[in-house]
Amino acid sequence: MRTAYDIVIRPIITEQSMEDLDIKKYAFEVAKDANKIEIKKAVEEIFGVTVIKVTTENVHPKQKRTGAYPMGKTPSWKKAVVKLSADSKNIELFEGMV
């Protein structure tokens with residue numbers, strides 16, 4: 001049995017994700033085999049909030065040069081954007097980033 005911390009790996013802190021904080025959208029890197037229902041339950045359990053929508057995206061690897069030869073790739077991973085309800089509290093992890 002996986003725990004909620006096995007599903008939600010880390011928060012994604014970028015300029016674009018910080019702009020969405022005022023409309024209560026938060027981005028996380030999640031396990032590649034996790035589905036939307038598991039992600040919703042894990043975020044609600046970890047942060048004690050109410051999730052109304054989850055969107056996911058598989059981020060494909062990009063080719064990177066490591067000198068002349070051979071070409072390498074960045075790892076592939078899964079991104080989840082979670083929208084909270086209007087009456088839900090904010091996630092404290094993102095509070096000091098704005």
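Considering Cα pairs under 8 angstrom that are at least six residues apart, work out the relative contact order of the chain and quote it in whole percent. Present the calculation step by step, with values, prior to reporting the outcome.
On the way: 153 pairs, mean separation 29.7, N = 98.
Value for the chain: 30 percent.
Where the accessible area of the chain is counted over protein heavy atoms with a 1.4 Å probe, how much of it, in %, is carbon and sulfur? List each step's numbers first, then the result.
Numbers: 3560 of 6760 Å².
Carbon and sulfur atoms account for 53 percent of the accessible area of the chain.
Under a 1.4 Å probe, what is the accessible area of the chain per residue, stated in Å²? Don't skip to the end; give the middle numbers.
Numbers: 6760 Å² over 98 residues.
With the other protein chains kept in place, the chain gives 69 Å² per residue.
Nearest 10 degrees, 0 to 90: what angle lies between the long axis of helix 36-47 and the longest principal axis of the chain (Cα atoms)?
Approximately 60 degrees, to the nearest ten.
Counting only helical runs of four or more DSSP H residues, what would the 222 nm mean residue ellipticity of the chain come to if each run contributes -39,500 (n - 2.57) and the total is spread over all its residues? Write out the running numbers ahead of the final one.
Working: 3 runs with 21 residues, N = 98.
About -5500 deg cm²/dmol.
How big, on average over all directions, is the shadow cast by the Cα convex hull of region 1-57, in nm²? Could the numbers behind the result be given before it?
Numbers: hull surface 16.0 nm².
So the mean shadow area of the Cα hull is 4.0 nm².
Semi-axes of the chain's equivalent ellipsoid from the Cα gyration tensor, sqrt of 5 times each eigenvalue, largest first, rounded to whole Å?
Details: eigenvalues 158, 55, 22 Å².
Sorted largest first and rounded, they come to 28, 17, 11 Å.
Give me the accessible area of Ser17, 1.4 Å probe, in Å² rounded to the nearest 10.
Rounded to the nearest 10, that gives 10 Å².
The values are calculated or read from the model by the stated rules, or taken from the named source; none is laboratory data. The structure displayed is predicted, hence computed values, not measured ones. Side chains are part of the model used for accessible areas, which takes the heavy atoms of the whole protein and leaves out ligands, DNA and RNA. Shrake-Rupley method; radii C 1.70, N 1.55, O 1.52, S 1.80 Å.
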